[in-house]
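The values are calculated or read from the model by the stated rules, or taken from the named source; none is laboratory data. For clarity, every value in this text was computed on a predicted model and none was experimentally measured. Please note: Cβ atoms are built from the backbone with ideal geometry, for glycine as well, and neighbour counts cover all protein chains shown.
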Amino acid sequence: MRLPSGFISLITAVLITLAISVLDAFDIIRLKESFMWVKKPIQKTVIFVKQIRESNDETLDAAIFQHHIIANQKTTEILEVENRELKQLLGISLTLPCELKTAVVIDRVFFEGRVMELIIDKGSSSGIDKGLCAVSGYGLVGVVYDVSSTSSRIAVLGNPAFKVSVILPKVGEAGILEADREGNLNIKFVSTYADVNIGDLVYTSGEGGIFPRGILVGRISDVEQVSTEPFLRCTVLPSTDMKKVGFVSVCIR
């Protein structure tokens with residue numbers, strides 16, 4: 001029995017359509033599987049990045065918190081140092097026969113790593129003038145040599161241009177203190193017969209009229225006797241650290 005050609009064509013068309021549908025379904029499944037193969041690593045990467053970000057956020061928060069703690073500690077330490085300085089200044093003001101004008105150190109002038117000058121935030125409008133003595137809570141600082149209306153410059157111990165008459169009360173000797181080119185503070189004209197020892201205190205003598213008598217200058221840090229010289233070589237360690245001092249008082253005449 002022979003099938004009509006029209007029926008065969010219909011069956012063929014149905015089979016072709018079914019085959020195409022099956023292939024389409026297979027492609028969709030394969031495409032979906034391919035997409036999942038790509039999607040899973042992406043999802044894992046996103047999760048990993050999110051975890052890192054959350055971890056970094058926690059680390060950053062901890063770092064910021066730690067920074068605040070350190071900053072507060074430093075602020076407290078600075079305030080404690082300033083309070084000690086001001087208390088020392090108050091103490092020294094009671095021993096000096098002059099009015100003191102207290103100022104803040106706003107800058108320092110260095111030469112080869114040594115402080116040569118201090119700049120303070122008060123000037124002629126506060127009664128400060130050239131040639132006045134400057135002290136810290138720990139002792140002598142130097143002398144005012146330049147003044148504007150709102151600031152002043154102080155030549156400090158260690159500046160070769162600065163000299164001061166001093167005494168060593170323990171041995172009853174006097175001399176002139178000045179700095180050499182290396183910045184060492186030396187006392188000139190101390191007799192070789194003087195029993196000067198390391199640690200002896202050095203004070204201003206009051207000679208010359210600029211520096212009141214009795215201001216602590218420092219301690220003897222080295223003593224050398226040279227047979228060919230008529231005087232001792234006495235080196236002084238200043239009582240005021242010019243790199244750290246934050247407040248200075250000027251003796252107003």
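Report whether or not GLY199 is under 32 Å from the mean Cα position of the chain (by Cα), touching a residue at least 24 places away in the same chain (Cβ under 8 Å) and assigned by TED's automatic domain parsing to the domain that holds ALA134. No, not satisfied. Picking from residues in the stretch 130-145 that are of a type in the set (A, V, I, L, M) and within 27 Å of the chain's Cα centre (by Cα), the one that is farthest from ILE120 (Cα to Cα) is LEU140. Of the residues contained in the stretch 215-237, none is found to be in contact with an Asp or Glu (Cβ under 7 Å, 6 or more places away or on another chain), of a type in the set (A, V, I, L, M, F, W, C) and either within 23 Å of ASP129 (Cβ to Cβ) or surrounded by fewer than 18 Cβ atoms within 10 Å (Cβ to Cβ) (or both). For GLY214, the conditions (1) under 19 Å from VAL144 (Cβ atoms); (2) within 36 Å of the chain's Cα centre (by Cα) all hold with the exception of (1). Can you find a residue in the stretch 230-237 that is over 20 Å from ARG114 (Cα atoms) and touching a Lys or Arg at 6+ places or on another chain (Cβ under 7 Å)? Checked the stretch 230-237: at least one residue is over 20 Å from ARG114 (Cα atoms) and touching a Lys or Arg at 6+ places or on another chain (Cβ under 7 Å). Of all residues in the stretch 213-236, those satisfying the criterion of being modelled with pLDDT of 90 or more and outside any strand (DSSP E or B) are ARG213, GLY214, ILE215. In the stretch 97-116, the residues that are touching a residue at least 12 places away in the same chain (Cβ under 8 Å) form Cβ pairs under 7 Å with partners that are surrounded by 12 or more Cβ atoms within 10 Å (Cβ to Cβ) and hydroxyl-bearing (Ser, Thr, Tyr), at six or more places apart or across chains, as follows: LEU100/SER93; LEU100/SER249; LYS101/SER126; LYS101/SER249; THR102/SER249. Scanning the stretch 97-114 for residues that are within 17 Å of VAL248 (Cα to Cα) and assigned to a strand (DSSP E or B) gives GLU99, LEU100, LYS101, THR102, ALA103, VAL104, VAL105, ILE106, ASP107, ARG108, VAL109. Annotation note: Cβ proximity below 9 Å between a residue of the stretch 234-251 that is touching a residue at least 60 places away in the same chain (Cβ under 8 Å) and a residue that is surrounded by 22 or more Cβ atoms within 10 Å (Cβ to Cβ) and among the aromatic types (Phe, Trp, Tyr) (sequence gap 6+ or interchain) occurs for CYS251/PHE211. If you go through the stretch 146-189 one residue at a time, how many are closer than 16 Å to GLY113 by Cβ and either part of a loop (DSSP other than H, G, I, E, B) or over 30 Å from the mean Cα position of the chain (by Cα) (or both)? Matching residues across the stretch 146-189 total 9.
The residue that is surrounded by the fewest Cβ atoms within 10 Å (Cβ to Cβ), among those in the stretch 113-124 that are modelled with pLDDT of 95 or more and of a type in the set (Gly, Ala, Ser), is SER124.
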